[in-house]
Amino acid sequence: MSKELIESILTEENFEKLYEVIEANKGRKGPLMPTLHAAQNIFGAIPYEVQKVISEKMNVPLAEIYGVVTFYSRFTLVPKGKFVVSVCLGTACYVKGSQNIIDEIEKIIDVKVGNTSPDGKFTLEATRCIGACGLAPVMTIGEEVFGRVELSDVSTIMAKYL
Amino acid sequence: MKSLDELAKIREKALKKVSTRNSDKKVRIVVGMATCGISAGARPVLNALVEEVNKRELVDVEVTQTGCIGICRLEPIFEVYQNGEKVTYVNMTAEKAREVVANHIVNGNVVSKYTIGAYEK
Amino acid sequence: MSLVRSHVLICGGTGCTSSGSISIHEKFEECIKKFGLDKEVKVVKTGCFGLCEAGPIVVVYPEGAFYSHVKVEDIERITEEHLYKGRIVKDLLFKQALEGDVIKSVNEVQFYKKQKRVVLKNCGVINPEVIEEYIAFDGYKALGKVVTEMTQQEVVDEIKKSGLRGRGGGGFPTGLKWQFTLDAIGKEKYVACNADEGDPGAFMDRSVLEGDPHSVIEAMAIAGYAIGASKGFIYIRAEYPIAVERLEIALAQAKELGVIGDNIFSTDFSFDLEIRLGAGAFVCGEETALIESIEGRRGMPRPRPPFPANKGIFQMPTLLNNVETYANITQIILNGAEWFRSIGTEKSPGTKVFALGGKINNTGLVEIPMGMTLREVIYDIGGGIPNGKAFKAVQTGGPSGGCLTYKHLDEQITYDNLVRLGSMMGSGGMIVLDEDNCMVDVARFFLDFTVDESCGKCTPCREGTKRMLELLNKICDGKGEIEDIARLENLAVNIKDSSLCGLGQTAPNPVLSTIKNFRHEYISHIEDKKCEAGVCKALLKVTITDKCIGCTACTKVCPVDCISGSRKEMHVIDQNLCIKCGACIEKCPVNAIILK
């Protein structure tokens, strides 16, 4: 699905930025994680093409990079949707019913948890604690945070983004 | 950072800026800042008190404001609370306020001529 | 010289930021200008006040007036009434800050009164982005004292004497760890801080870093001096953007002022600190996995020994403590080990910060002396259970801990006591559950978490937790057999005994403790196919009560036509056909249809 999406992020400009980061991290001990963080920020994902460049420039086996990228949940192989909808499933939110909220959103945007809609508009995520337990249950869309979400609020919240 | 003295200097300077946030002070000066107080000129009095307290580095003195003290005709008013006792100063001006800080707060001599008792006689 | 007479402190912690404290800050600046008070009133963004439930929080000094649930629309009134005219706006105060007509300052509110703030002493008091404010409250004094007056061994001895134990979960004596690393031989040594706070429901480390980042930086420098390290790493989760930013600002200021850098306080001691971001792996909170991650690999734990004290980051001796542990260090150095021991109990001295959450009135962050009872925390500080519901259990220690019941409410909170009761201190999450929570479902929730976060290196954890989750799913789906309880217990014991790291060794705890304390709930799920709390959907039934007026509205919406009954008569649902979609419940005009 996302071939075009991936191609759209592999711009020369982005690669230039990546080269700078790799250069800057030279001589630093344990440089791989900071470099990958930067790559994820620059491209919005770390697809195969980016991994390959990092591998060559940093002299780290591609398999090792792939292993690290797939291990950590912050790193992704494909870009996320325009709106990333995250519902907190930390303990405090869960006991206050955030599972029902996820189910409701799944229904509204027709995307399963962990997936991106085919048009690249929404990504639905279940996140672990974001530390706003006092406001449980909590969901975020992009940078915007919604606290003390009631099941009945969900459709109103989502309506703004549909 | 070169020495402990240098640190102590920074600390001293910074302490003045944050002392407002320590609410366990020995002396409290409360200024009546209701509409009556403000229109009678309580704001310059309040500012003079804060300035004076800061200038003299009286870290144990808190200057705060309150609503109407109830005797509007004598505004601006402020009250000094110390060791469980209260002294009420009336018809204050910025200059008189500075005088009170110097004599009463610093030296411990109540400025009787400005107190409510003297005024009501 | 500033003439500021009043300080407006606005909570800039994650909780309050999420509920809009940034726009409140802007509005305050605007209103204060409008009233011409900008030279008299200072607006300060602070760290977490701890009472997140009441957020956004604003405290106005010198009165210590405690405003809660502040909205942008309220700011103009607070500015005009309180800051301009000096009248505290009573109806906007936190409800417990007003007793009759008496206004109580922030320190006198019940929520704070029973607390003892050591770790959080600066949170909500100083502006974390201004190093001078930290210094005003005795910041970097401990570091100065250590490097100019104490030997390395003296520092370690002081920590040992204090009896401080690791606040990250296990409760290992911190002083011993320091001694091991001091004694270890290596070309280089490292100090590391574990700020990868992954326990769902715990956020004290985040609050310390957001509210008082210098306390951790200073303590790490002290640790560096004590064990002979010149380099440190703070490993912080990327999910805490505000904390990362504050930490970066604080570190830059510390370097500029020279409290971090070369020849600190004109001594031979030099110390450099670097921030490393985690990338969303819970297991990286395990110390050896964290080390692997810093080195740039998958965060998979290493077998121990060798312990990090001997072979840690880049195979060099490494001292690794968590945020809250470090936040105690400066206080111990300044006030002495004796002072520290005077707080808490003999074997668990000091305080512990808990993140109170779940079904409790005052959710938020509380710091209490060790040895306080669960009842005091939940009822006196936490304000009890909302909506008149009954208390059922309290979960401590996150995915590694267990659930305690009302029987345990009068037990003291100490490391050893909680372990004895089948739970643990963990990093300090304390989630309160009420009658609407199903304990089997809670156990399943935690297992789901550990299955997700298991790194996959060792078989017992990778496969075992998965099997346990399958059994729990089976029970929640109404397909459980009574033997499944024994199967769960058997698996649990094996996983505990044979897993490589703490994640696996403690993963079965939520299941074991719920089986022990709430066995009847498991049995009623299995034998009666019933979920009393009404959580496990598969076990719920849609039924029509005698409130039914026979309007036939429900029969029309039912997608599987399983409702029968004629007009003006009570309707009945055919349970074999019902798919529990809930359409009839929504449609019923008299709320006669219930899910239970």
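The values are calculated or read from the model by the stated rules, or taken from the named source; none is laboratory data. What you are looking at is a predicted structure, and each value in this text was computed from that prediction instead of being measured. We place every Cβ from the backbone using ideal geometry, glycine too, and count neighbours over all the protein chains shown. Calculation scope for accessible area: heavy atoms of the full protein, side chains included, ligands and nucleic acids excluded. Shrake-Rupley method; radii C 1.70, N 1.55, O 1.52, S 1.80 Å.
Sort through C:Gly388, C:Gly397 and tell me the only one that's small (Gly, Ala, Ser), away from chain A (no Cβ under 14 Å) and at positive phi. Spell out the reasoning first.
Details: C:Gly397 fails: away from chain A (no Cβ under 14 Å).
The unique qualifying residue is C:Gly388.
Quick one: in region B:62-121, of everything that is farther than 24 Å from C:Leu37 by Cα and acidic (Asp, Glu), which residue is modelled with the lowest pLDDT?
Step by step, filter region B:62-121, then rank; the result is B:Glu120.
Could you pull out the residue among C:Ser207, C:Ser230 that is of a type outside the set (Val, Ile, Thr), surrounded by fewer than 24 Cβ atoms within 10 Å (Cβ to Cβ), within 14 Å of chain A (Cβ to nearest Cβ) and in contact with a Gly (Cβ under 9 Å, 6 or more places away or on another chain)?
On the way: C:Ser207 fails: surrounded by fewer than 24 Cβ atoms within 10 Å (Cβ to Cβ).
After applying the criteria, what remains is C:Ser230.
Just to be sure before I move on: is C:Glu286 under 19 Å from C:Ala192 (Cβ atoms), among the charged types (D, E, K, R) and within 13 Å of chain A (Cβ to nearest Cβ) in the structure I sent?
Values: under 19 Å from C:Ala192 (Cβ atoms): yes; among the charged types (D, E, K, R): yes; within 13 Å of chain A (Cβ to nearest Cβ): no.
No: the conditions fail for C:Glu286.
Restricted to region C:267-280, and to residues that are open to solvent by less than 10 Å² (accessible area, probe 1.4 Å) and in a loop (DSSP other than H, G, I, E, B), which residue is farthest from the other protein chains (Cβ to nearest Cβ)?
The qualifying residue farthest from the other protein chains (Cβ to nearest Cβ) is C:Gly278.
Which of the residues spanning region A:51-79 are at the interface with chain C (Cβ under 9 Å from one of its Cβ atoms), in a helix (DSSP H, G or I) and open to solvent by 20 Å² or more (accessible area, probe 1.4 Å)?
If the condition is that a residue be at the interface with chain C (Cβ under 9 Å from one of its Cβ atoms), in a helix (DSSP H, G or I) and open to solvent by 20 Å² or more (accessible area, probe 1.4 Å), then A:Glu64, A:Thr70, A:Phe71 are the ones that fit.
Looking only at region B:50-88, how many residues end up being open to solvent by less than 20 Å² (accessible area, probe 1.4 Å) and of a type outside the set (S, T, N, Q)?
Looking only at that region, the number is 14.
Residue by residue through region C:123-164, note down the ones that are open to solvent by 40 Å² or more (accessible area, probe 1.4 Å) and within 22 Å of C:Phe180 (Cβ to Cβ).
Here is the first cut: in region C:123-164, the ones open to solvent by 40 Å² or more (accessible area, probe 1.4 Å) are C:129-130, C:132, C:137-138, C:141, C:145, C:148-149, C:151-154, C:157, C:160-161.
C:Thr151, C:Gln152, C:Gln153, C:Glu154, C:Asp157, C:Lys160, C:Lys161 - these are the residues of region C:123-164 that are open to solvent by 40 Å² or more (accessible area, probe 1.4 Å) and within 22 Å of C:Phe180 (Cβ to Cβ).
As an exercise: evaluate C:Tyr379 against (1) under 30 Å from C:Lys596 (Cα atoms); (2) in contact (Cβ under 8 Å) with a residue 40 or more places away in the chain and give the number of the one condition it does not meet.
(2)
If I filter region C:91-103 down to residues being part of a helix (DSSP H, G or I) and open to solvent by 80 Å² or more (accessible area, probe 1.4 Å), which single residue comes out as farthest from B:Val63 (Cα to Cα)? Walk me through it before giving the result.
Quick first cut of region C:91-103, residues part of a helix (DSSP H, G or I) only: C:91-92, C:95-97.
With open to solvent by 80 Å² or more (accessible area, probe 1.4 Å) added as a condition, the list becomes C:91, C:95.
Numbers: C:Asp91: 24, C:Lys95: 26 Å.
The residue in question is C:Lys95.
Just to be sure I understand, how many residues within region C:474-492 are surrounded by fewer than 20 Cβ atoms within 10 Å (Cβ to Cβ) and within 14 Å of another protein chain (Cβ to nearest Cβ)?
0
Residues of region B:12-49 being more than 7 Å from every other protein chain (Cβ to nearest Cβ), among the aliphatic types (A, V, I, L, M) and open to solvent by 20 Å² or more (accessible area, probe 1.4 Å), which ones?
Once the filter is applied, which keeps residues that are more than 7 Å from every other protein chain (Cβ to nearest Cβ), among the aliphatic types (A, V, I, L, M) and open to solvent by 20 Å² or more (accessible area, probe 1.4 Å), region B:12-49 yields only B:Ala40.
Among what's in region A:122-131 and is on the phi < 0 side of the Ramachandran plot and within 11 Å of chain C (Cβ to nearest Cβ), pick the residue that is surrounded by the fewest Cβ atoms within 10 Å (Cβ to Cβ).
Looking at the filtered set, the residue picked out is A:Ala126.
Based on what the data block shows, is C:Cys501 crowded, with 17+ Cβ neighbours inside 10 Å and farther than 13 Å from C:Val440 by Cα?
Numbers: crowded, with 17+ Cβ neighbours inside 10 Å: yes; farther than 13 Å from C:Val440 by Cα: yes.
So C:Cys501 fits the description; yes.
Within the bounds of region C:303-313, is there any residue that is open to solvent by 10 Å² or more (accessible area, probe 1.4 Å), out of contact with any Gly (no Cβ under 6 Å at 6 or more places or on another chain), part of a helix (DSSP H, G or I) and assigned by TED's automatic domain parsing to the domain that holds C:Ala192? Spell out the reasoning first.
First pass over region C:303-313, keeping only residues open to solvent by 10 Å² or more (accessible area, probe 1.4 Å): C:303-307, C:309-311.
Then keep just the ones that are out of contact with any Gly (no Cβ under 6 Å at 6 or more places or on another chain); that gives C:303-307, C:309-311.
Remaining after also requiring part of a helix (DSSP H, G or I): none.
Looking for residues that are open to solvent by 10 Å² or more (accessible area, probe 1.4 Å), out of contact with any Gly (no Cβ under 6 Å at 6 or more places or on another chain), part of a helix (DSSP H, G or I) and assigned by TED's automatic domain parsing to the domain that holds C:Ala192, one finds none in region C:303-313, hence no.
Quick test of your reading of the structure: C:Arg297 fulfils all but one of (1) in a loop (DSSP other than H, G, I, E, B); (2) open to solvent by less than 30 Å² (accessible area, probe 1.4 Å); (3) within 14 Å of chain A (Cβ to nearest Cβ). Name the failing condition by number.
(2)
Mind telling me which of the residues C:Leu37, C:Leu83, C:Leu9 ends up being in a loop (DSSP other than H, G, I, E, B) and in contact (Cβ under 8 Å) with a residue 40 or more places away in the chain? Talk me through it step by step, then tell me what you get.
Details: C:Leu83 fails: in a loop (DSSP other than H, G, I, E, B); C:Leu9 fails: in a loop (DSSP other than H, G, I, E, B).
When all the criteria are applied, what remains is C:Leu37.
Go through region C:552-569 and report how many residues are open to solvent by 60 Å² or more (accessible area, probe 1.4 Å), of a type outside the set (S, T, N, Q) and on the phi < 0 side of the Ramachandran plot.
4
Quickly run through region A:80-121 and pick out the residues that are within 23 Å of A:Ala38 (Cα to Cα) and either part of a strand (DSSP E or B) or within 10 Å of chain C (Cβ to nearest Cβ) (or both).
Once the filter is applied, which keeps residues that are within 23 Å of A:Ala38 (Cα to Cα) and either part of a strand (DSSP E or B) or within 10 Å of chain C (Cβ to nearest Cβ) (or both), region A:80-121 yields A:Phe83, A:Val84, A:Val85, A:Ser86, A:Thr116.
Is there a residue being of a type in the set (Asp, Glu) and either over 27 Å from C:Gly299 (Cα atoms) or assigned by TED's automatic domain parsing to the domain that holds C:Cys584 (or both) anywhere in region C:505-523?
If we filter region C:505-523 for residues that are of a type in the set (Asp, Glu), which is where we start, we get C:521.
Checking the rest, the ones that are also either over 27 Å from C:Gly299 (Cα atoms) or assigned by TED's automatic domain parsing to the domain that holds C:Cys584 (or both) come to C:521.
Within region C:505-523 (the criterion being of a type in the set (Asp, Glu) and either over 27 Å from C:Gly299 (Cα atoms) or assigned by TED's automatic domain parsing to the domain that holds C:Cys584 (or both)), the answer is yes, since at least one residue qualifies.
Would you confirm whether or not region C:104-114 contains a residue that is open to solvent by less than 50 Å² (accessible area, probe 1.4 Å), closer than 24 Å to C:Tyr235 by Cα and either assigned by TED's automatic domain parsing to the domain that holds C:Ser215 or at pLDDT below 95 (or both)?
So far as region C:104-114 goes, no, none of its residues is open to solvent by less than 50 Å² (accessible area, probe 1.4 Å), closer than 24 Å to C:Tyr235 by Cα and either assigned by TED's automatic domain parsing to the domain that holds C:Ser215 or at pLDDT below 95 (or both).
Give me the pairs, please: first residue somewhere in region A:43-66 and within 19 Å of A:Asn25 (Cα to Cα), second residue anywhere and in a helix (DSSP H, G or I) and small (Gly, Ala, Ser), beta-carbon distance under 7 Å, and either six or more positions apart or on two chains.
So the pair list comes out as A:Ile46/A:Ala39; A:Val50/A:Ala39; A:Ile54/A:Ala39; A:Pro61/A:Ser55; A:Leu62/A:Ser55; A:Ile65/A:Ser55.
With respect to A:Thr35, determine if the residue is of a type in the set (Ser, Thr, Tyr), facing chain C (nearest Cβ under 9 Å), touching a Gly at 6+ places or on another chain (Cβ under 8 Å) and surrounded by 17 or more Cβ atoms within 10 Å (Cβ to Cβ). I'd like the intermediate steps shown before the answer.
Numbers: of a type in the set (Ser, Thr, Tyr): yes; facing chain C (nearest Cβ under 9 Å): yes; touching a Gly at 6+ places or on another chain (Cβ under 8 Å): no; surrounded by 17 or more Cβ atoms within 10 Å (Cβ to Cβ): yes.
Taking the combined requirement at face value, the residue does not satisfy it.
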